[in-house]
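Just so it is clear, none of the values below were taken in a lab; they were calculated from the coordinates. Bear in mind that the values here come from a model prediction, so they are computed numbers and not experimental data. We place every Cβ from the backbone using ideal geometry, glycine too, and count neighbours over all the protein chains shown.
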Amino acid sequence: MPRLTLLATGGTIATRATGAGRVVGATGAELLERARGVWGFDGEVDVLDVEGLVSSALTVPAVLGLAGTVRQALAASDGVVVTHGTDTMEETAFLLGLTLGPSAPVTLTGAQRPFDDAAPDGPRNLAAALAWAADPAAEGTGVTITFADVVLPAVGVHKTKTLGLEAFAAPTRGPIGHVDETGVRRHARPEIPGPLLPPGTADLPRVAVVPQYLGVDAADVEAAVRGGARGLVVAGFGAGNTTPPVTAALVRLLERGLPVVVTSRTGSGAVAGLYAGGGADLAAAGAVMAGDLSHWQARLLLAAVLATQDDDGRDRDGEDWATRTRRWLADAGAVPRRAEAAVRK
Ligand SMILES: NC(=O)C[C@H](N)C(=O)O
């Protein structure tokens, strides 16, 4: 039986009700005890309480620190399960993937209902995560989220429900596996690029997300740049469009060398530079289309790429931010390898 490590970081799965609202209180050992009761998982698990926070209180440095802990845990075990709040789980999963690259199974899970709920979902979710991490079928699947009986790849995963139990989906990709009382089934192996961030990275440069909404002007873009953003992710309309004033402002910034990545506020499907005055102008000016990545994952990707750039604007392989970002997206299956050639206007 493989040996696992359980890293407990908090989240609703570990909360109890108080007069002031839900508060993280249950330890990793308590979570594990309940989860073992679901399907009788009796494998060896080392438990470490890493944080005791709801995930809205986590920070990028804290998650980079967690990546170091996961790396150590992987050296001592066959798989790692991380219990985590659901609100930012898709960002932690993605950032862990950026730092670990291809690895043994590291699966995140949590709950929509608290530890002291009369009908909690946490024990079954954790039981499924343990079963996944311990199963030979999970070999080579790297960082995933196991939740409500499905296993989802870190890239493209998204919290889609506020309180519903089937809280996560990877809308453009689908689950790579299922775990339930019948056992573990793997349907696909995700494409996992090599690690982007070197071990010991402590923080990332500031990258801002600017939203598109009916009639928005360039004020948000200008405020983000004034606020010190070294790159922008624009949460575009539809397949990656922007209003005329935002398009003009972003084209100007791209011409001055500011990195811009385009995502879609629809939450599903890939973006493309299709429309004159919007996405086509951005693409022509050098913006990177982020495939099926959410704004939040694209923000971490761009920040990580910028963290690897020297003062001359190139990384160790001599690649500029756009080339490196596009290569990562292609390696992760987020964009076709020949994206430019493939878009039929
Ligand atoms: N369901 C949850 O875990 C939500 C909680 N606010 C968290 O992200 O920590």
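Quick notes on this structure:
- With only the Cα atoms considered, the range 74-167 has a convex hull volume of 87 Å³ per residue.
- Normalised by 2.2 N^0.38 Å, where N is the number of residues, the C-alpha radius of gyration of the range 207-342 stands at 0.95.
- Beta bridge orientation in the range 207-342: antiparallel %, DSSP, nearest 5: 10 percent
- The phi torsions of the range 31-43, fed into the Karplus equation with coefficients 6.51, -1.76 and 1.60 and a -60° offset, translate into couplings of 4, 5, 4, 5, 5, 4, x, 6, 10, x, 4, 10, x Hz, rounded to whole numbers, with Gly and Pro shown as x.
- Distance between the range 209-253 and the range 22-59 - C-alpha centres, whole angstrom: 40 Å
- Computing FRET efficiency as 1/(1 + (r/R0)^6) for ARG256 and ALA188, where r is the C-beta to C-beta distance and R0 is 41 Å, gives about 0.50.
- Antiparallel %, DSSP beta bridges [both residues in the chain], to 5: 35 percent
- Take the Cα radius of gyration of the range 2-76 and divide it by 2.2 N^0.38 Å, N being the number of residues; the result is 1.20.
- Under 5 Å from the amide H of VAL82 lie the amide H atoms of LEU7, THR107, LEU108, THR109, each residue being 5 or more positions distant or on a separate chain, with H modelled from the backbone and absent for Pro and chain starts.
- For the range 84-156 versus the range 306-327, the gap between their alpha-carbon centres in whole angstrom: 31 Å
- Out of every Cα-Cα pair that the range 264-332 contains, those further apart than 20 angstrom amount to 32 percent.
- Here's how it looks for VAL260: its modeled amide H is under 5 Å from those of LEU232, VAL288, which are all 5 or more places away or on a different chain.
- For the chain, the relative contact order works out to 14 percent when only alpha carbon pairs closer than 8 Å and six or more residues apart are counted.
- Phi-derived couplings, Karplus 6.51 cos²θ - 1.76 cosθ + 1.60 at θ = phi - 60°, listed residue by residue for the range 330-338: 5, 5, 8, x, 7, 9, x, 5, 10 Hz, with x used for Gly and Pro.
- Distant-in-sequence amide contacts of PHE115, defined by a placed amide H-H separation under 5 Å and a gap of 5 or more residues or a different chain, comprise ALA14, THR15.
- Estimated 222 nm signal from helices in the chain, with DSSP H stretches of n ≥ 4 weighted -39500 (n - 2.57), rounded to 500: -9500 deg cm²/dmol
- Using the alpha-carbon positions of the range 3-186, Rg (one decimal) and Dmax (whole number) come out as 14.5, 44 Å.
- The protection proxy used here, the mean number of other Cβ atoms lying within 10 Å of each residue, ranks peptides 72-80, 213-221, 235-243, 124-132 as follows, highest first: 124-132, 235-243, 72-80, 213-221.
- Beta bridge orientation in the range 28-163: antiparallel %, DSSP, nearest 5: 35 percent
- Quotient of C-alpha Rg and 2.2 N^0.38 Å, computed over the chain: 1.00
- With the simple spin-label model, which puts each label point 7 Å out from Cα in the Cβ direction, the GLU166 to GLU222 separation comes to 4.6 nm.
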